[in-house]
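Pasting in a structure now, in structure tokens, and then I'll have a few things to ask.
The values are calculated or read from the model by the stated rules, or taken from the named source; none is laboratory data. This one's a predicted model, so the numbers in the text were calculated from it and none came from an experiment. All Cβ positions, glycine included, derive from the backbone under ideal geometry; neighbour counts span all protein chains shown.
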């Protein structure tokens, strides 16, 4: 499949100046206020080609953002994959071996398997575990409307709805179904856990608008918890749309095909054929079944598409 992306409005930059953090872990920077308050983690580059997170994280560091209360940690996660970026194959730098956003279970982190992503996750484990609240910044391969992703815990929904930017939400009542993401590591994966953990999908990887949104949302998130002043004149949240994840469909065979080109947010009637995968069929589970994150390049063992339904 062609790897032609939208125009490169934002490209990777050299991050070597950020390598030496201050907690003994490469690319992790922590700042603590003299006033008590929550510990907030802003995490970028869980996937190496999600450049918007890099822009947001470097903005916080370059402009000298410091917490008015509590603790701010800024981390660049999969820098090894980020550094493999090739503009001729710009989607390949998502990961080197493992998807860093699927390995956050104790079984994976304590297991015997090895890869650059597993080594990095193990190094970052205390960073993620220490945070009260987490914003994990992502972007999408397709040029679609930005959206939140989070487990269906009331504490997560309350903050995402209060921020209201972006105004679309993907809610996971039973987790992702294809591994454990960073925002569900440890106590953040527990319904009675105390902290908020959100993913924000900011738009297409290489769009300036995705980088701008990532920076704005990072500052919104910090302001919500009192670590920075709220942006003056920020409008109140408008109407918001929420979708519930029903099923994560995986690619099973090399013959996976969608019935027509999909980018995300297409709607299917109950029972309508969405894709074929060798002898298997993927069909809409309900009326108004809305597809999200359809793969642009099917790879056996990776996610094919998320099937969702709109929530009232």
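Name the one entry in 154, 160, 131 that is free of Cβ contacts under 8 Å to residues at least 40 places away in the same chain, under 17 Å from the mean Cα position of the chain (by Cα) and over 22 Å from residue 10 (Cα atoms).
Answer to the check: 160.
Results for (1) surrounded by 21 or more Cβ atoms within 10 Å (Cβ to Cβ); (2) modelled with pLDDT of 95 or more; (3) not in a helix (DSSP H, G or I), shown as yes or no for each residue.
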| position | (1), (2), (3) |
| --- | --- |
| 56 | yes, yes, no |
| 73 | yes, yes, yes |
| 81 | yes, yes, no |
| 85 | no, yes, yes |
| 88 | no, no, yes |
| 96 | no, yes, yes |
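Take residue 290 and tell me if it is in a strand (DSSP E or B) and either in the same structural domain as residue 156 (by TED's automatic domain parsing) or more than 21 Å from residue 163 (Cβ to Cβ) (or both).
Numbers: in a strand (DSSP E or B): yes; either in the same structural domain as residue 156 (by TED's automatic domain parsing) or more than 21 Å from residue 163 (Cβ to Cβ) (or both): yes.
The answer is yes for residue 290.
Oh, and also: Give me a count of the residues in segment 17-33 that are outside any loop (DSSP other than H, G, I, E, B) and farther than 19 Å from residue 68 by Cα. So that I can check it myself, show each step before the final result.
Looking only at segment 17-33, we keep the residues that are outside any loop (DSSP other than H, G, I, E, B), and these are 17-18, 28-32.
If we keep only those that are farther than 19 Å from residue 68 by Cα too, we end up with 17-18, 28.
Qualifying residue count for the region: 3.
A further question on this structure: Can you tell me which of 57, 17 is touching a residue at least 40 places away in the same chain (Cβ under 8 Å) and under 22 Å from residue 85 (Cβ atoms)? Walk me through how you get there before you give the answer.
Numbers: 17 fails: touching a residue at least 40 places away in the same chain (Cβ under 8 Å).
Selected residue: 57, the only one of 57, 17 that is touching a residue at least 40 places away in the same chain (Cβ under 8 Å) and under 22 Å from residue 85 (Cβ atoms).
Here's a follow-up. From (1) assigned by TED's automatic domain parsing to the domain that holds residue 58; (2) farther than 18 Å from residue 135 by Cα; (3) crowded, with 18+ Cβ neighbours inside 10 Å, pick out the condition that doesn't hold for residue 208.
(3)
While we're looking at this one, here's another question. Among the residues of segment 141-151, write down those that are touching a helix residue (DSSP H, G or I) at 6+ places or on another chain (Cβ under 8 Å) and in contact (Cβ under 8 Å) with a residue 60 or more places away in the chain.
Within segment 141-151, 146 is the sole residue that qualifies.
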